[in-house]
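Scroll down for the structure; my scribbles are underneath it.
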2 protein chains.
Amino acid sequence: MAEPMYRQVAEDLRRQIESGDLAPGARLRSEVELREEYGKDGKEISRNTVRDAIKLLISRGLVETRPGQGTFVMRQVVPFLSRLNMDPEAGDVEGGVYKSEVELQGRAPEVTDPRVEVQAASDLVASHLQLQPGGQVISRHQQRKIDGTPWSLQTTFYPMEFVTRGATQLLMAENFKDGMVKELEASLGIKQVGWRDTIIARPPTGNERTFFDLSDKVQVAVFEFRRTGYDEDGNPVRFTVTVYSADRNQFEMRAGRIPG
Amino acid sequence: MAEPMYRQVAEDLRRQIESGDLAPGARLRSEVELREEYGKDGKEISRNTVRDAIKLLISRGLVETRPGQGTFVMRQVVPFLSRLNMDPEAGDVEGGVYKSEVELQGRAPEVTDPRVEVQAASDLVASHLQLQPGGQVISRHQQRKIDGTPWSLQTTFYPMEFVTRGATQLLMAENFKDGMVKELEASLGIKQVGWRDTIIARPPTGNERTFFDLSDKVQVAVFEFRRTGYDEDGNPVRFTVTVYSADRNQFEMRAGRIPG
DNA sequence: AACGATTTGTTCGTATGTATC
DNA sequence: TGATACATACGAACAAATCGT
């Protein structure tokens, strides 16, 4: 009796799921049936104990519950594969993620117009843009969807100084065909010649759960990509944060010579 | 009464945490105190309702509970930063992650001797090594720690054919100073000239939870890096899967010219 | 070392609400 | 509409871990 009952039940169900006895999409026995199934000596276990076991499986991302229907083994969604582009000459589509034509084949990407704000820089933004904490920055925020499915949240920060130097495009709530990096080159002569990316995986915030349509119940992480771009003098040009839901995204990188 | 009580309580506590009223590491009021605090008209709410609220916060990674002590706001650990190396000439330390000297300064990495097995290839392994499903492969598995903290689990797969062609080092349960990639070049003349990486974030398996010492309670993801290496003829040389706990790891990539 | 107080963990029972078929 | 299934909320009892006396 070392293991609590609810863990024993969860462990047994987990085994059935991972062995394939319970296939993805399959319905588990109802809570009432499981009470009977795991009882001993004709004595049922409590419905609450069954529910505790199911909660443990939910927290591990193995099952989901649907009121009025039952408990179901989670289906694996086919992840969307994005190429991380390491060539500074090849443009900078989607703020750090290069969507190859093949991968987007037949898919319908949508991008909202940016929400533009002037803000005091957070510590994170200030350090990446080498500003004083609290210095003024432009933030441009966009939401992206693919085939109607929420795909990414992206915010890019630029020093306020760029506007006073003449890059008034930064304040316009619209997308530019060749991207803001090219706009800055045209209007200020600032050319991005390199960047540094940091990749993080973490639990989603409340806003992110809402946008990505993640119920409180599912246990998923989000990717956070932070990209700092630099000009020829080594000064930061912009700082971009992009968030992706980890359950429907994978990223690919290539190095050297590979086939295909 | 649209929102269930346990969510209202969780939401209020979340606000206190994110506003800083409850700092990282701080102890929440005990369950008994919270019963009183969120009751109305002198009537306390049930302890189970308080506990449901706390479970919700746990699942979001905001707090942790310690028996006999209380519930505490989660502390953010300082993540370990690894550089992803995109230069095929610069070696391939740590199976895909290049640990710069600076980042390892003062840290003590430990690597177990590999556990070597001959296995039938899974579908995943077979497809990356371009073998028939069920074909024989060598698997070499290692665990890595830094300063005693579990850091990564790594398994590399090689075609069994390499052994019959003379690369008997593949079967030795020891580490080679310059890495297996160099060994294959020396013994078979197979030179890795490029690779493809896939990056995934997902919930940890049971084994991974054990190795990384993640309790059932904390909601964290793991990074999974899959690297397929190719030789000059475009044939796969090896397939490496490395798993990192996402709560203590970040990854960095650089492109073009950047300062520092 | 022992004990009691405090706090969280597990298990049960019960009632009622809401969603689905 | 009724039956079924999960969701919320309450109460109760005992176990296990921790801490101070």
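Laboratory data are not the source of any read-out in this text; all were calculated from the coordinates shown. Nothing here was measured: the structure is a model prediction, and the numbers come from that model. Ideal geometry is used to build each Cβ from the backbone, glycine not excepted, and the neighbour counts take in all protein chains shown.
Structure notes:
- Note, ³J(HN,Hα) from phi for the stretch A:172-185, Karplus 6.51, -1.76, 1.60, rounded to Hz, x at Gly and Pro: 8, 8, 8, 8, 9, 3, 9, x, 5, 4, 5, 4, 5, 5
- Inter-centroid distance (Cα atoms) of the stretch B:143-198 relative to the stretch B:226-242, Å: 11
- Computed from backbone phi, the HN-Hα couplings of the stretch A:64-80 come to 9, 10, 10, x, x, 10, x, 10, 10, 5, 4, 8, 7, 7, 6, x, 8 Hz, rounded to whole numbers (Karplus: 6.51 cos²θ - 1.76 cosθ + 1.60, θ = phi - 60°; Gly and Pro given as x).
- Under 5 Å between amide hydrogens, built in the peptide plane, is the criterion, and for A:Leu28 it picks out A:Thr71, A:Phe72, A:Val73 among residues at least 5 positions away or on other chains.
- Placed amide H near B:Val237: partners under 5 Å, 5+ positions off or other chain: B:Gly229, B:Tyr230, B:Asp231
- Estimated vicinal HN-Hα couplings, Hz - the stretch B:234-243 in sequence order (Karplus 6.51, -1.76, 1.60; Gly, Pro = x): x, 8, x, 9, 6, 9, 10, 10, 10, 10
- Theoretical gain in end-to-end length, B:Asn235 to B:Glu3 [0.36 nm per residue, Cα-Cα removed]: 77.8 nm
- Amide H contacts for B:Ile45 (H built 1.01 Å from N in the peptide plane; partners 5 or more residues away or on another chain; cut-off under 5 Å): B:Tyr38, B:Gly39.
- Sites B:Glu36 and B:Val77, calculated FRET efficiency, Cβ-Cβ separation with R0 35 Å, nearest 0.05: 0.55
- Inter-label distance, B:Ala186 to A:Ala23: 5.0 nm, where each label sits 7 Å from its Cα along the C-beta direction.
- With a Cα cut-off of under 23 Å and a minimum spacing of 8 residues unless on different chains, the lysine pairs in chain B number 11.
- Each label point was placed 7 Å from the Cα along the Cα-to-Cβ direction; for A:Arg15 and B:Leu124 their separation is 2.3 nm.
- Normalised by the number of residues in chain B, the mean separation of alpha-carbon contacts (under 8 Å, six or more apart) gives a relative contact order of 17 percent.
- Distances between equivalent label points of B:Asp113 across the copies, with each point positioned 7 Å along Cα→Cβ, amount to 6.8 nm, shortest listed first.
- Note on B:Glu110 and B:Lys177: the extension gain reaches 22.7 nm, defined as 0.36 nm multiplied by sequence separation minus the Cα-Cα distance.
- Tilt relative to chain A, helix A:5-19 - C-alpha long axis, 0 to 90 degrees, to 10: 70
- Largest GNM mean-square fluctuation among A:Asn85, A:Asn249, A:Asn207, using chain A with Cα springs under 10 Å: A:Asn207.
- Placing a label point 7 Å from the Cα of A:Arg66 along the Cα-to-Cβ direction, the distances to the matching points in the other copies come to 4.3 nm, shortest first.
- Sorted from closest to farthest, the other copies place their B:Arg29 label points 4.3 nm away, with each point set 7 Å from Cα along Cα→Cβ.
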